[in-house]
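What follows is a single structure, written as structure tokens, with notes after it.
The values are calculated or read from the model by the stated rules, or taken from the named source; none is laboratory data. Keep in mind it's a predicted model, so treat the numbers as computed, not measured. Quick reminder, even Gly has a Cβ in these numbers, built from the backbone with ideal geometry, and neighbours come from all protein chains shown. SASA here: full protein model, heavy atoms, side chains in, ligands and nucleic acids out. Shrake-Rupley method; radii C 1.70, N 1.55, O 1.52, S 1.80 Å.
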Amino acid sequence: MKKRITWIDLAKGICMISVVLGHQGNEYLNIVYAYHLTTFFILAGYTLRREEVTGKYLANKFNRLMIPYFVTCACVTIMDVINAVIIQRNISNVGITKIIYTNILRAFFASGTYTTFGEIETGTFIGAIWFLPAMFFALSFTQCIINRFEKWTERAGVSILIATLGCLTAPFLWLPFSVQSAMAAIPFILFGFWMRDNKLEEQLQVKHYVVFAIVYLVGCLTNYAQVFWLVTCTMKDYIITPVIAVCASLLVIGVSKKIGQNKILEFIGRNSMIFLCVHLFEMNTLSRYFSYFLRLIKLGDSLLAYFCVEMIFIGCISWGIVFVKNRMPYKKVDDKVPKHRNQTVDIMRAVLIILMIVGHRSIDGGFSKFIYSFHMMSFVILSGYFYKERTQEKLSKRLGKLMKSLMPYGVFGILYIMTVHVGWTTELKTVLLGVSFTYKLFAQTSSIGPVYFILMLFCIKGIYILIRQYVHSELYINLIVSFLTILGVVLGSCGLWLPWSLDCALFSLVFYQAGYYIKKYNVLVWCCKNPYIYFALAPIWAFMIYRGSMELAVRNYSIVGLTIAGAIAAFIIVYMICEKISECGNVFVCSVLQVIGQSTIYILIVHTLWGPHIVKLVENVLCLNPNNIFHLSIILLLQVAIGCMVFGIDFSFKKLYNIK
């Protein structure tokens, strides 16, 4: 463990308290803007060690800064849903899923204030934890400058140039992940690095701190100190304001060195990231509870009382997190061997099948676009991921094995004919044609429902096996797959929707091929080891959703190239999340998700065959509105539970009779 420097922890503690003060909404407290975040960046530079900007370096920084970011986003989402149910009495599917989608949107862009990104208007921002992705980029950029330039004049010049570029472009085009805030912070990090190299803090005397105090006081009186918002790269002057900020930060450092020791401030500073995340959580979700409590004890308008309640809550929750964290067993992970690969895939399948069921209910349009942007295509990519080259095996044998994958559909067909009473000839026709939806062809044929996916996947696998059996050049294979994908798009656009969703299968070949290459080149392993790739993938996925997303069953492919890129990016991101759940999640939860993932085909059949009956049963027995979130939760639980039970029976039967 690295030895901690007490005055650094004290300075961070002072600044963290100042961050909470600055969010009280009192104009007189805005004087903290001059130093609270500036000091954090300067101290980040002071503790910076010169390192090569390698994949390992970026991965370590990402895990340290962005994992708390995502966990905080998840906690805020959960609490927002609880608040909606308890306080707003909003229990509609549309209302709750809109809240979830809004929080996903916030997490995607990681902006502290701005809500516009080019032509995308999100209408929401993440708040105080914009600081975490900004710190990631600021540290990475600074390391690149330090490694590239040896002279301090060159380093300073480049950092000022980058910061100026960030500030000048901010009003016109705000980038995701608060990148411009990171650019503006680089000179402060570099100053901290220079300060340590030259031991500046040891050379400063009382007269210097007096000068710093005077400069800061003048800045407060002239409003320069108050108008310094790194969150939007806004400042009153590009020269005077940073100088005032540096002087104020050095004054904080001087005060910290003078204090010497303070257990509370040291604890806050040592765990400042946890404090920041908890502060964001309580500020976004609990303010109304604090206000209610203060009104209850007759202190409703007291700013000091509200601040004290806030700090007590943040302190207690942060202490609890630190207490649990320090007592969690540490398990070293071997980088050379990817862990829980099968469990990760099963967890991902569980997430996808749950989202599929949710997506088939009346939910918020944005959340629906989010689900449909990746859930079905992820199943196709996973199938391609497990494709095995068997060039020595006879084609007839391979196709024979492929035919076995139709057995679940055969069972479904028999049950469908037995349970749907509209005339056995009509039912048989529906089962044999297996259409998802119809348009110009077979217009009188009923949809077979979500199990069309089984037939579509059968077609995809069959076509792909034939291509690889007879074509041995990767170039020609890619050309054929591309041609068939375009053909599928054309057929879908013209309304020629074929039986067994063959046109969808042609379009989906590109995703099956993508899964094959992802496995061949170990893309998922590389991405999990280098999670910072998220910053490149997330904007592609977000832009794809914004421009129209995708809905396979009705042949809505939107902008085809963007749709393909966005769905693949989404698949990789969701896999990375599931990998983290597999590594760090609760054992019981992971085991349940794994069982659900193994039961996806059974859940799909249950959902298609008895889903509407379960919906009506819950509505009639429990007298719940079908558009109620509790109704959705119960039918989801029942369908998943029944599917898992069927899987368990089937698994036990096969094991008993040794059937493979």
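When the Debye formula is applied to the Cα atoms of the range 466-593, each taken as the same point scatterer, what base-10 log of I(q)/I(0) results at q = 0.15, 0.21 Å⁻¹? Summing over Cα pairs of the range 466-593 leads to -0.85, -1.21. So what is the 222 nm mean residue ellipticity for the chain from helices alone, if each DSSP H run of at least 4 adds -39500 (n - 2.57) and you divide by all residues, rounding to the nearest 500 deg cm²/dmol? The helix-only estimate for the chain comes to -23500 deg cm²/dmol at 222 nm. Other residues with beta-carbon under 12 Å from the beta-carbon of Gly648 carry, at +1 per Lys or Arg and -1 per Asp or Glu, a net charge of +1.
Between Ile259 and Glu51, the modelled labels are 2.8 nm apart [label points 7 Å from Cα along Cα→Cβ]. Could you tell me which residue out of Phe630, Phe511, Val71 lies farthest along the dipole of the chain toward its positive end? Charges go on the beta carbon: Lys and Arg +1, Asp and Glu -1, centred on the Cα centre. The Cα lying farthest towards the positive end belongs to Phe511. Exposure check, 1.4 Å probe, all protein chains in place: Thr77 carries approximately 30 Å² of accessible surface. Charge tally around Ala74: other residues with Cβ under 13 Å, Lys/Arg +1 each, Asp/Glu -1 each, net +1. Over all orientations, the range 536-660 has a Cα convex hull whose mean projected area works out to 11.3 square nanometres.
What the Cα atoms of the range 235-391 give is an Rg and a Dmax of 25.1, 79 Å. Would you mind computing Rg(Cα) / (2.2 N^0.38 Å) for the range 76-118, counting N as its residues? Compared with the compact-globule rule of thumb, the range 76-118 sits at 1.29.
Compute the separation of the alpha-carbon centres of the range 15-85 and the range 203-218 and state it in Å as a whole number. Result: 28 Å between the Cα centres. Between Gln203 and Leu168, the FRET efficiency from the beta-carbon distance, with R0 = 30 Å, is close to 0.30.
Taking a point 7 Å from the Cα of Gln469 along the Cα-to-Cβ direction, the residues of the range 387-419 with backbone N closer than 13 Å to it are 390-403. Taking the protein heavy atoms of the range 36-75 in the context of the full set of protein chains, the accessible area attributed to carbon and sulfur is 56 percent at 1.4 Å. Sorting Arg295, Arg468 by accessible area puts them as Arg295, Arg468; the probe is 1.4 Å, largest comes first, and only protein heavy atoms count. The figure for Ile577 is an accessible area of roughly 90 square angstrom, using a 1.4 Å probe on the protein chains alone.
With each label modelled as a point 7 angstrom along the Cα→C-beta vector, the Asn478-Ile240 pair spans 5.8 nm. Applying the Kirkwood pairwise sum to the alpha-carbon positions of the range 408-448 produces a hydrodynamic radius of 10.4 angstrom.
Kirkwood radius for the range 209-323, taken over all pairs of different Cα atoms as the inverse mean of 1/r, rounds to 16.7 Å.
Positive end of the dipole of the chain (Cβ unit charges, origin at the Cα centre): among Val210, Asn223, Ser362, the Cα lying farthest that way belongs to Ser362. Across the range 17-64, Cα-Cα pairs more than 14 Å apart make up 64 percent of the total.
Derived value for the range 13-137: Kirkwood hydrodynamic radius 16.9 Å. Basis is the mean of 1/r over every pair of different alpha-carbon atoms.
Extending 7 Å from the Cα toward the beta-carbon at both Tyr292 and Thr153 defines two label points whose distance is 6.4 nm. Other residues with beta-carbon under 13 Å from the beta-carbon of Glu389 carry, at +1 per Lys or Arg and -1 per Asp or Glu, a net charge of +4.
Residues in the chain average 48 Å² of solvent-accessible surface per residue, probe 1.4 Å, ligands and nucleic acids excluded. Shown for the range 125-231 is the translational diffusion coefficient from the Stokes-Einstein equation, using the Kirkwood radius over Cα pairs, a temperature of 20 °C and a viscosity of 1.002 mPa s: 138 µm²/s. What the pair-distance distribution of the range 573-634 shows, using all Cα-Cα distances binned every 5 Å from zero, is 4, 15, 16, 15, 16, 16, 12, 5, 0 percent.
Normalised radius of gyration (Cα atoms, divided by 2.2 N^0.38 Å) for the range 428-538: 1.28. Note on Cys584: accessible area is roughly 100 Å² with a 1.4 Å probe, heavy atoms of protein only. Compactness ratio for the chain: Cα radius of gyration over 2.2 N^0.38 Å (N = residue count) comes to 1.11. Where Rh denotes the Kirkwood radius from the mean inverse Cα pair distance, what is Rg over Rh for the range 1-83? Result: Rg/Rh = 1.06. By the equivalent-ellipsoid construction on the alpha carbon gyration tensor, the range 202-241 comes out with semi-axes of 24, 12, 7 Å, ordered largest to smallest.
Treating each Cα of the range 342-482 as an identical point scatterer and ignoring solvent, apply the Debye formula and state log10 I(q)/I(0) at q = 0.13, 0.14, 0.15 Å⁻¹. The calculated log intensity ratios at q = 0.13, 0.14, 0.15 Å⁻¹ are -0.78, -0.90, -1.01.
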